[in-house]
Every structure is written in structure tokens, then in C-alpha cells.
Protein chains: 2
Amino acid sequence: MQDNGKPKIELGLEGVYFTESGICKVDGVNGRLYYYGYSIETLAENSNFEEVCYLLLNGRLPNAAELSGFRNSLAQERPLPDEVAGLIEDSPKDAHPMDVLRSAVSVMALYDPDANDNSDAANMRKSIRLVSRLASAVGAIGGCRNGIGYVKPDSSMGAAGNFFYMLTGKKPDAEAVKVLDLMLLLHAEHSSNASTFSGIVTAATLSDLYSAVTSAIGTLKGPLHGGADQAALEMMHAIGRPENTEVYINDALAGKKKIMGFGHRVYKTYDPRARIIKNRLEILQGSANEEVRNLTSIALAAEKLMIDKLGSSHGIWPNVDFFSGPVYTDLGIPDYLFTPLFAASRIPGWCAHVMQYWKSNRLVRPLEYYNGELDTQYVPISQR
Amino acid sequence: MQDNGKPKIELGLEGVYFTESGICKVDGVNGRLYYYGYSIETLAENSNFEEVCYLLLNGRLPNAAELSGFRNSLAQERPLPDEVAGLIEDSPKDAHPMDVLRSAVSVMALYDPDANDNSDAANMRKSIRLVSRLASAVGAIGGCRNGIGYVKPDSSMGAAGNFFYMLTGKKPDAEAVKVLDLMLLLHAEHSSNASTFSGIVTAATLSDLYSAVTSAIGTLKGPLHGGADQAALEMMHAIGRPENTEVYINDALAGKKKIMGFGHRVYKTYDPRARIIKNRLEILQGSANEEVRNLTSIALAAEKLMIDKLGSSHGIWPNVDFFSGPVYTDLGIPDYLFTPLFAASRIPGWCAHVMQYWKSNRLVRPLEYYNGELDTQYVPISQR
């Protein structure tokens, strides 16, 4: 209680701990990120998206036989139910892709016999299904928008490869698959971020995994969360040429405009994922086409300016969303698929958190402080 | 921080205030409930669901012209988009009705030109649309399951009347409409309950109203929230006869089984809504058919036993869910529609909270305490 009898209000629940977990450590002071104890740099260098999905869902790395079995399970689940493929095909082309993805996952539940079986075994089956099918659904959304239509998934490919195949109808380039796989890995998990937290809130009424993931997708959609990488790329397009960067950034800051891709609720230093993606961008500066090299130059110029102005002084540093746009552009991925791809990356983290939370479940129900009147007199409608 | 350096963990965020609001006061100590200052007893006696929807969405009661205009807007929005009606018709008959409702609302967004317009005006239009269409969707789910099929909404009726019409294909009984209207009113709003909170978490990334309501429906689905009235009725059916009640309750408590419909995160005394519904039940004891009179006798016997055992001593009292089942049964509403109807009641509360939260929006992102290891060594797969 504060002096005036009003309780302390934890705006946005910033700094409030609501549970404990060993899945992910975000060290916002030192700029470190760990999945089950493995640093993100270690995983980025040695591992891959499928292995990280196994790690997040099982709490440990697989041996060769386990990973092979897990990959087979994922491969078997790639095809979408006909009704879900139909929903994606029939969706209006101007519908928001995240609205389509949210609907696709919600409708998937109607055709999954496990949908309302909340046993551990069923939840693991559903998690594998969702990890596999989200990449298919995002590929399908892309294919249905670019005129190729619904391409049946290729079960011989991993999440990244199959996504490209469904987007383009062509066998993807091995190097592109490797880069996208890294992007999926870097986005796979991030503690109790807003989308994961919303999935937990939904799950904590003992609802089900599809409901939780549907909530998470709707939450990720917002520009303060998953929509930020697309917004950052839009800014780079608006800047247009590297030499315009300084004026643009100065004007934006003078107008107190938020620069997307900078600043983070937890990181008060350089986001370690941004560092890894920046590294990839620096490689692109030598090899990519002119559009991507131009975007890259703008991104690197903006980063330097922003760090000089707001880095150490204000704790506002590049986050994972800032450098992603030029990398995705280089891979030929249209910007409207950035947030859906984020969902297809974060799905193992969502499932892992929900399954873990259920082990010591508690309904999530905070309070609102009431600031209105009481016992208002009801005036009959004829006298209003 | 606690002595061991571990921060305090607010399990389930119980007792934590995350925002302030004048929409609803739940006084759990005195057993009082207010919507914008009006006590629930006052509204139950004088008002109706449509007027309460106006109150919740606008913050004040309407005059006669405003209420008439609001009712016209609701009437115009009753029909479902063809694709949504089709989704409900085509859903497998064994799918969970809340999975169908969640999908129906998610898909509605694809066919609403306002879906991604986050202006105040568009949000009010979407709120009216959602308030109107949720009752249509729930009626449609019932009609499609009981063999009547999709009955086109009757725009001349209010939410309760149109629901009955779509469920049965017949003009509903005026007294039944009045009782259901009261049930909708009693469930219209309840502060930051789990479903409303999940809607706010989703909305706070600056996502959109359909995403927020989709999350709220998935959250309401769980038996710790909206599913409780159906579970309470199932218990009454399991008890079978009033004279079995004492043995059943004693056995359940001895086995530490949760008795659904009792106890509440906020109310530590009699839920004022339960009192109003109990009043209705007492009327039914004189007039209803044998099945309903039997259920009513069981409910009243169980209530007395539970209050004697756990009321004052443990703060566990009947909540709104306990007495609803027999009332709905008397109205001819099948039990699988209880939770969907709860959604169709709570929708004005969800929309009101989301729109209000956006006025001083803050991303909702609490923390997890990390209890795992750091810098785990990555062992190559060949050596695992």
C-alpha cells in the first residue's frame, strides 16, 4: 500500500516475477541469452532449429537416434489438414497474414483428435504437430499470395527448407536454408515475452494447447512485439539511401517517434541475437544484390547513430528485430511474412512454456485498482 | 528480494495490481459487484443486457434515443458472414464448441474491413459487431448440432431471443428470453478475470480487437474459468438424487476433489451473482419439470452442506457458476452451450477493457525467475 491507501500498480507487470523456469535465461544486463543453459552463441554455431526444438520440448539435447526420430515425427506432420489448407487458400488476399495464421491454428484444433486431450503424451504430440505445421502454414500463406497457390509440403525437408519450397514451388538453395534455419533458431525462445505469457494465461485456466498458441499468435501480431522487424524494414525503405539516414533519425528522435528495432523491456544492452544477425549482414554487404546492400548500409548507419545517441546514455540498443529485415529480403522473403515466420520460430518456446507451467499450474488473475464511484443511483430511462 | 537473493514470485499474480479502471468493482470482502458504479442488484432489477452493453462500452447509461440506436446497430450486425456460418456448419460435430467459437471469431476478422483499423471509431463498430454476432454464433453452434442447421438470425430480436430462435428455429417464449437476458447481464463483466486479462495481454502489443477476443475465448474455455458451470451441473447429474448429496460431498471433500462452482480468487464470501441466480432457482422449485426440480433440490442441498463445512471457516462460498446449470437446463439449453453462452455474455466486458487499456497502453511482460544452469557445455551429437 502507498501512503494514500492506493496499492502499488505494477504497470505492464514490469519487473514482476510470476513463475520460475529453467527454459530460458535472458540476461538483460550482460546481453546474454540461454536456452536450457546453452548460450545462444553456442547454439547458433553448433546446433540447428530442429535440435533446438527438441531441446526446448524435452529439456536436453537429443542423441543421434532421438534427433532422427524427432525429425521423422516432424516430417510426418508437415501436411496441413485439408480444411486448414482450404482456409488459407480461400482467405481474402488483403486479410492480415497473422489473422490468417491465427485462424489456421485455431481451425487445426477442430481436426485434431488430440485437441482436447491434456495428457503429457498428447501435449507432446500436439507440440510436434504445431512446430511442424506452423512452418507449413506460413509457407502456404506466402504461396497462396504470390500466385503459386497451395504447394503440398515436402516431408523430406526441414522447417526452413519446406517453407521455401511451399513459398516458391522450387527446391531451395542450401545456403538460404542454412540462413533461415539460423533465424528460426535465434527466435525459438525468449522467456516470458508477451506472446509466451499470453499463451500461459490462456493455458492456466486448464484450457488447451491450441487455445494457448492461438492466443500467442494474436499477441505476437502487434507492432510492439512480432511486428517490429517489418516496421524496422519499412523505416529503412522510408530512409531510402544511406546518406539520408542521419537526417531521418534526427527528425524522428526530435519528433519523439519510436524507432522500431531499438530498445527492449529486458535488454538494457546489445541484444545478443542482434549481434549474430548483424554478423550475417556484414557478410551480405559483400555478396548481396544492390537493394539488399543498400538496406544493409542504411541499417548499419542507423545502428551506429542510434548507439551514439541512446546506447550507453539511455540503455536503448538494437534488438533482434532491427537487422532481420535485410536478411529476410536477401532470402527473397516478402515483408508480410516476417511476423508469421516469427510465429513459426517461436512455437517450440510457446509449447515448452505451456507444458512446463501446467506442471505446477496456477490461474493467472491479477487485479485492477478500481478508480470509479460506487452505488450510483439508477435513473429510469424516461428521465435521462 | 528475499534473503536468499531470489525475488518474490507472485504465483498466478494473485493480489498484484497491473492497472486501474472504473469499469468494474469486485468487492470480494463484502460480496458486492458493480458495473460502472451501479450495483449488480440494481442492474438485475432495472436494466437489461443491451442497456448494460451500452453502459460497459460507453461508460454511462443511454437515454431512450441512444438505446434505440444501439439496439438498431446490434440488430443490423446479427447475421454472420457466410464464411463464418459455413465454418460452423462444416465443423465436426464432436469438436469442442469453444474451439468452434474461437475459430468463428478468428475467421470473422478475415471478412471485416475494420479488422485492422485500430481507431476508436472502428473499435466501437467492431465491439458492437462482436457483441451482436457472438450470440448468433453460439445459437448457430447449437442449431447445427441439434439437427436444425443454420437458422438465419432474426434481427428483430435481442441477443437472448435471437439465440433461442437460432437454437430452436421457433419464436421463443417471452419469460425464457427474460431469464436468459438476466443471465447474460449477470455475466457481462467481472473486472480483470483470466479471460479479460488475456485479452488485455494480447491487445497490449497493439494487436487488434479480434485477436484479443480470440484469446479471451480460448482462456474462458478452461474448467478453472468458464467451464465451471458445466462441471457443476455434471456433478449434480452424478449425485443423481437429493438424498445422495451429503455422501457425495463428504466423499469428494475427503478425496480432496475440487467441487466446481465453489470458491473464487476474489470473492471470499457469497458471490452476489450466485444469490440472484439462487433466487431464480427457488422460483423454479415450484414451477419447473421434474428433472429441473430434482437438480434444483440437489443444488440447494449441496450449497447448504458446503457453506456449513467451508463457508465462514475457509472463505469458500458458492460462485456464479454453481446455480447456473439448473437454470439453463430449465431454459432447454444443452450443457455444451454453457461456456459459449458465457462468452456471448462477457463480450461487452472484454471489449470495454481492451478499449480502455489502449488509452494508456503498456506492454504486459512480467518476468520468470530463472532456476536453471548457465553456460552448459555443448557436447557434439556423436558423443551424446
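A few remarks follow.
- Nm distances between copies for residue A:244, ranked from closest, using label points 7 Å along Cα→Cβ: 7.6
- Cα-projected label distance for residue A:313 with residue A:171, points at 7 Å along beta-carbon direction, nm: 5.5 nm
- Under 5 Å, built H, 5+ apart or other chain: amide partners of residue A:17: B:10, B:367
- Residue B:250-residue A:117 pseudo-label distance in nm [points 7 Å out on the Cα-to-Cβ vector]: 3.9 nm
- Choice from B:321, B:112, B:271 with maximal GNM fluctuation in chain B (Cα, 10 Å cutoff): B:112
- In the context of the full set of protein chains, residues of the protein assembly as shown present 36 Å² of accessible surface per residue (probe radius 1.4 Å, heavy atoms only).
- Ranking of A:350, B:358 by solvent-accessible surface, largest first: B:358, A:350 (1.4 Å probe, protein heavy atoms only, all chains present).
- Nearest-to-axis residue of chain B, judged by beta-carbon position, where the axis maps B onto A, in Å: B:215, 2
- Heavy-atom accessible area order for B:38, A:210, largest first, 1.4 Å probe: B:38, A:210
- Label points for residue A:373 are taken 7 Å from Cα along Cα→Cβ. From this copy to the others they lie 6.3 nm apart, shortest first.
- Relative contact order of chain A, taken over Cα pairs closer than 8 Å and 6 or more residues apart, is 21 percent.
- A cut-off of 5 Å between modelled amide H atoms, ignoring neighbours fewer than 5 places along the same chain, links residue B:24 with B:36.
- Global geometry of chain A, whether rounded, prolate or oblate, following the gyration tensor of its Cα atoms and the 1.5 cut on a/c: rounded
- Simple spin-label estimate for residue A:238 and residue A:304 gives 2.3 nm between the two label positions (7 Å along the Cα-to-Cβ direction from each Cα).
- Residue-averaged beta-carbon neighbours from other chains (10 angstrom radius) around B:39-46: 2
- Inter-copy label distances at residue A:286 (7 Å, Cα→Cβ; nm, one decimal): 9.1
- Residue-averaged 222 nm ellipticity for chain A, from DSSP H runs of 4+ at -39500 (n - 2.57), nearest 500: -17500 deg cm²/dmol
- The overall shape of the stretch A:173-214, judged from the alpha-carbon gyration tensor, is prolate: a/c is not under 1.5, and a/b is greater than b/c.
- Shielding of A:371-380 by partner chains, average beta-carbon count, 10 Å: 6
- Most fluctuating residue given options A:344, A:95, A:85, as computed from a GNM of chain A linking Cα atoms under 10 Å: A:95
- Taken about its Cα centre, the protein assembly as shown carries a charge dipole of roughly 680 debye when the Cβ of each Lys and Arg holds +1 and the Cβ of each Asp and Glu holds -1.
- Simple point charges give the picture: +1 on the Cβ of Lys and Arg, -1 on the Cβ of Asp and Glu, and for the stretch A:217-256 a dipole about the Cα centre of about 180 debye.
- Global geometry of the stretch A:84-164, whether rounded, prolate or oblate, following the gyration tensor of its Cα atoms and the 1.5 cut on a/c: oblate
- Per-residue ³J(HN,Hα) for the stretch A:33-44, Karplus 6.51 cos²θ - 1.76 cosθ + 1.60, θ = phi - 60°, Hz, x for Gly and Pro: 9, 10, 9, 6, x, 7, 5, 4, 5, 4, 5, 4
- Equivalent ellipsoid semi-axes, the protein assembly as shown, via Cα gyration tensor eigenvalues times 5, rooted, Å: 45, 27, 27
- Interface area, B with A, accessible, probe 1.4 Å, both sides summed, Å² nearest 100: 8900 Å²
- Translational diffusion coefficient of the stretch B:228-330 (Stokes-Einstein, Kirkwood radius from Cα pairs, 25 °C, 0.890 mPa s): 183 µm²/s.
- Rounded accessible area of residue A:96 (nearest 10 Å², 1.4 Å probe): 60 Å²
- Per-residue shielding of A:94-100, expressed as the average number of other chain Cβ atoms within 10 Å of the residue Cβ, stands at 6.
- Residue A:308 sits with roughly 110 Å² accessible to a 1.4 Å probe, with DNA, RNA and ligands left out of the calculation.
- In the stretch A:228-330, the portion of solvent-accessible area held by carbon and sulfur atoms comes to 49 percent [1.4 Å probe, whole percent, DNA, RNA and ligands not counted].
- Of the residues B:233, B:339, B:197, the one whose Cα sits farthest towards the positive end of the charge dipole of chain B is B:197 (charges of +1 on Lys and Arg Cβ, -1 on Asp and Glu Cβ, taken about the Cα centre).
- C-alpha center-to-center spacing [the stretch A:143-192, the stretch B:318-350] in angstrom: 44 Å
- Helices of chain B meeting both criteria, an alpha-carbon length of 27 angstrom or more along the long axis and an average Kyte-Doolittle score not below -1.0, with helices taken as full DSSP H segments, are B:120-145, B:290-314, B:338-359.
- Each part gets one Cα centre, and for the stretch A:92-132 versus the stretch B:216-263 those centres are 29 Å apart.
The values are calculated or read from the model by the stated rules, or taken from the named source; none is laboratory data. In this text, all values refer to a predicted model and were calculated from it rather than measured experimentally. Counting neighbours? That spans all protein chains shown, and the Cβs are built from the backbone with ideal geometry, glycine included. Just the protein is used for accessible areas: all its heavy atoms, side chains included, with ligands, DNA and RNA removed. Shrake-Rupley method; radii C 1.70, N 1.55, O 1.52, S 1.80 Å.
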